[in-house]
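Read the structure below first, then the notes.
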Amino acid sequence: MRSLRRLAKPCFILLTIGLFSYSSGNAQSEIHRTENWITNSTVAKLEHSNGYTMLSGFFSTVGPYSGHGVITDATTGAVDLTIPKVHGDIYVSTPDGNGGWYIGGYFDAVDTVSVTNLAHIRADKTVDRNWKPNPNNTPSELTVSGNTLYVGGYFTNISGQTRNRIASFNIPTGNLNAWNPGANGSVESIEVFGSLVYAGGYFTTIGGQARNGLAALNATTGVPAAWAPSISGTFSSYVKATAIDPVTNTIYIGGNFTTVGGLPRLNLARLNLTTGTVTTFWAANTNATGYIEDIALLGNSLFVGGSFTSINGITRNSIAAVSAVSGLVLTWNTTLTAFDFVQDLAISGNTLYFAGFFDFVNGNIRTNVAAVDVTTAALQPWAPIPNGSVRTISGTSANVFFGGDFNGMNWEQRSDGFALFDDTTNEAWPFSLDLNGGSVYTIAVRDNTLYIGGQFQAVNKSVRRNLAALDLTTGEVLPWNPSAFGLSPTDPDAYVLSMKIRDNLLYVGGKFLRINAITRPGLAAIDLNTGAVNNWNPVVGSGTNTSEVVNSIDIDNNTVYVGGSFIQISGNTRPNLAAIDATSGLVLPWNPTSSGPVQKIRVSQNAAYVLGVFDNGVGGQIRLNRVAALNLTSNTATPWNPDLRNGFANDITLSSSSVYVGGYFDGVGSQPRPGLASFSLTNLTLDSWIPDVGSNSDGQYDITTLSSSPYKLHVGGGFDLLGKENRTNYGEYCVLSPTITPTGSTLTASPAGSYQWYQNDVPINGATSSTVDINQLEYGVYAVEISANGCTGRAEFTYLITEAEVSNDNEVKVYPNPVQGDLSVQIPSSAGAVNFTFMDMTGRSIKRIQGNGVEHQLSIRELDSGPYLLVIEVQGKKRVRKIIKVN
């Protein structure tokens, strides 16, 4: 864009200089942030205060999202979180022989790559985007033999072709081979020896011939060999694992069966590779109710894992070693506890890695994965901690890959369901509070002090009744100790639900009768430094009990707004809602009256937004979806009444530009919304924002709690997905929406952060502070980008000389002007797509038109007469023209 640098005459006098701002749009991101930590169970309450976000709920651990598969150092167990994140359960894995891994399971994406159920992670930690077989069901076995990858499982279609539960790929090309035996049940195990592929599983036919759970297939044709040692069982029978010993020409099988080749064998057997006959002298029977999930052969030792309590009558819990020669149970004994089980085994060097579901190995803490010496069974130091069960494990000399249904590794304990996240680090506050079974419901942060309120009798062994203060740096409980209690200091039913800081006072609301020995039913103001109770004393209810409760408070200027379950305050009838002078404690006339309890109140410049039970009315209106907006200058509800389709609201919060509603719903009116919606704070219309929050395990959207900061929207609940990622229970969205304020020739941006200013979309060199000076003698579209706490937002400001317009800019022609009906706009032939925005003189967008080409006819017949600004955006550059509409 060519700036206006010359006036028509040197002595031209500018009569009026006009300034207006034009925002580039709401800075809400529809895609969740990927830096924040998450929790292992439901988040029930969120609250943000001064750079920290409280999470309270039913979780016990917090940590970063890892996806469902990780690579660890084979010796130290150090987790490599830079590998592609798998967004779904992993059931099987195998090294590719070149430093990478093949993985199979139930997923639809790896990192940002859409790939279903089967993927290849290369040695450089990238996803092979060119190999997407996309089987229509889960693989359960992967075997690499030379240049061939064999896949077994439950699928019937892979790489777009019919393959019933077994297939093979050419590794160098990635192409599906013509080899196509086909099975009528899942294939769970594949071993290759010579010209035969030995398959085990749940099938009764394979390659068109009857084979019960075990078969040998020609590696070229897929035709079954005559080898047919049938298995059977009392109920279902299957082969889950196989291991071949070429030295003795034998194959070992494990699974769930009672006979093999007509001989009794409980879940383990040894067979001749040539004849298929069962080795009669070799027997390693599990207990009758046991089963085998995997076996691994090393020399003369056969390691077995599964769910069993004994082998050949000798106690072994779910993992054991038997002689490959005799079948006798070896003295090697890795101990698990009853009801543990092992799902997968992997041997690398002298180490046996195993995975499943357990908490202790050899009496030491190990969570679902462990490593032991193959000779001594001694526990190795390798000890990563997944937050869920592990289904598959495979290793090389350098690394161990494992996957399952976990989504985090080495998370931090937060046993009382309280965590504090730091906005600047995206990590949890490093100190865990011992609340002795209590809960935190609200926080407030000032300087280096964290104030907490909730329902507890002690914090870190120090007596603190429902209120406490902690040093943010050290985590130590501070001497500040204004106990909030009910009918007695040990009343277990008392609690603090809401806190706000104003000046040097902490305003608190909840269910309590006294602060220390001073009667303050339901509401109080406490000195932040001393903990002394202030004289501010609006009495909730009768003042003699805790039957009436304040659930939520908010402060706007000198007014404290409260919502809860109460009838009167200081003798004034105020059903569930009230406004109180923050200095005197006098109850103000505002009285919108709620028919049911109010759970939350948040106040903006023009309205109070409330969440509660309003089936019988609030502010004179019925609001069945549990949200309402109340006029601050009257006692009435505004018309805002969002139709939350198939559900209701659980929480509300405000940003500088939006009202956010979260809950249990799938749309607003006819517009789909996944339990989370945004409304313009200016006119309460539904924003176009559709966040990528997903459903919970029941397929429902369930947002329980919301909070907001100047940069982010914080979301908590019982959900399982954000986008394609299996991020659970907590998420964040960037909502940074900068503003630009003109003062003379200076523009000032807010909120705080790192800044970069632009003029006509070109970065201004050195303009990286919160202010920039403009040239008052030329048009300009100024913009600022603000980055803070992992979020970036942009605002624009257009400077116009509005009383007179003199231009030698011939690139864009706008005529006629004044205009009555259609406005003609001519732009350069190379422009391509064009966006036109008509705005009134306050900068409010009135009409938008999209076009393409050189000549444009823009109908503005419906506009009222008067001046307008036309913003013409061509190839990312903006030009502004003032037009006059006449009738």
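The values are calculated or read from the model by the stated rules, or taken from the named source; none is laboratory data. Everything numeric in this text was worked out from a predicted model, so none of it was measured. Counting neighbours? That spans all protein chains shown, and the Cβs are built from the backbone with ideal geometry, glycine included. To get the accessible areas, we keep the full protein, side chains included, count just its heavy atoms, and leave off ligands, DNA and RNA. Shrake-Rupley method; radii C 1.70, N 1.55, O 1.52, S 1.80 Å.
These residues, L624, L632, go from largest to smallest accessible area, 1.4 Å probe, as L624, L632. Candidates P639, N765, P738 compared by Cα position along the dipole of region 616-768: farthest toward the positive end lies P639, with charges placed on Cβ. Remark: relative contact order (region 414-542) = 15 percent; criterion is Cα-Cα distance under 8 angstrom and separation of 6 or more residues.
Length available on full extension from Q605 to S570: 0.36 nm per residue minus the Cα-Cα distance, which gives 10.0 nm. Obtain the nm distance between the two label points defined at N170 and S680 by a simple spin-label model: each point lies 7 Å from its Cα along the Cα-to-C-beta direction. In this crude label model, N170 to S680 measures out at 5.9 nm. Highest-first packing order for the peptide set 116-127, 745-756, 518-529 is 518-529, 116-127, 745-756, based on the mean count of other beta carbon atoms within 10 Å.
A simple spin-label model places pseudo-atoms 7 Å from Cα toward Cβ; at T473 and T633 they are separated by 4.8 nm. Taking all protein chains as they are arranged and a probe of 1.4 Å, the heavy atoms of H68 leave approximately 10 Å² accessible to solvent. In terms of its alpha-carbon gyration tensor, region 403-474 comes out oblate; a/c meets the 1.5 threshold, while b/c is at least as large as a/b.
Taking only C-alpha pairs under 8 Å that are 6+ residues apart, what is the relative contact order of the chain in percent? Averaging sequence separation for qualifying contacts and normalising by length gives 10 percent for the chain. Computed with a 1.4 Å probe over protein heavy atoms only, the accessible area of E785 comes to about 60 Å².
Between R844 and I764, the C-beta separation translates, for a Förster distance of 25 Å, into a calculated FRET efficiency of about 0.40. Sorting K877, K85 by accessible area puts them as K877, K85; the probe is 1.4 Å, largest comes first, and only protein heavy atoms count. Look at the alpha carbon pairs under 8 Å that are at least 6 residues apart: their mean separation over the length of region 30-82 gives a relative contact order of 29 percent.
With R₀ fixed at 22 Å, the C-beta to C-beta distance from T519 to T583 puts the FRET efficiency at about 0.65.
Region 733-751 and region 350-410 have their alpha-carbon centroids 52 Å apart. Given axes a ≥ b ≥ c from the Cα gyration tensor, I'd like to know whether region 610-690 is rounded (a/c under 1.5), prolate (a/b larger than b/c) or oblate. Oblate, because a/c is 1.5 or more while a/b does not exceed b/c. Region 582-613 and region 622-653 have Cα centres lying 13 Å from one another. For region 529-596, the C-alpha radius of gyration divided by 2.2 N^0.38 Å, with N the number of residues, is 1.08. Bridgeable aspartates and glutamates around K878 (alpha carbons under 16 Å apart, same-chain partners fewer than 8 residues away excluded): D761, E778, E796, D809, E811. By the gyration tensor of its Cα atoms, with a ≥ b ≥ c the square roots of the eigenvalues, what is the shape of the chain: rounded for a/c under 1.5, prolate for a/b over b/c, or oblate? Oblate. With Cα atoms defining each centre, region 695-719 and region 283-300 are spaced 46 Å apart in the structure. Of the listed residues I860, I567, the order by accessible area with a 1.4 Å probe, largest first, is I567, I860. Spacing of the modelled spin labels on V113 and D80, each 7 Å from Cα toward Cβ, amounts to 1.5 nm.
Within the assembled protein chains, the solvent-accessible surface assigned to R623 is about 10 Å², based on a 1.4 Å probe.
For the pairs K45/K712; K813/K885; K85/K240; K45/K511, note any where the Cα-Cα span goes beyond 23 Å.
Numbers: K45/K712 16 Å; K813/K885 17 Å; K85/K240 28 Å; K45/K511 17 Å.
Table pairs above 23 Å Cα-Cα are K85/K240.
Placing a label point 7 Å from the Cα of S415 along the Cα-to-Cβ line, the residues of region 440-467 whose backbone N sits under 13 Å from it are 460-461. Taking the Cα centre of the chain as origin, sum charge times position over the Cβ atoms of Lys and Arg (+1) and Asp and Glu (-1), and report the length of that vector in debye to the nearest 20. So the magnitude is around 920 debye.
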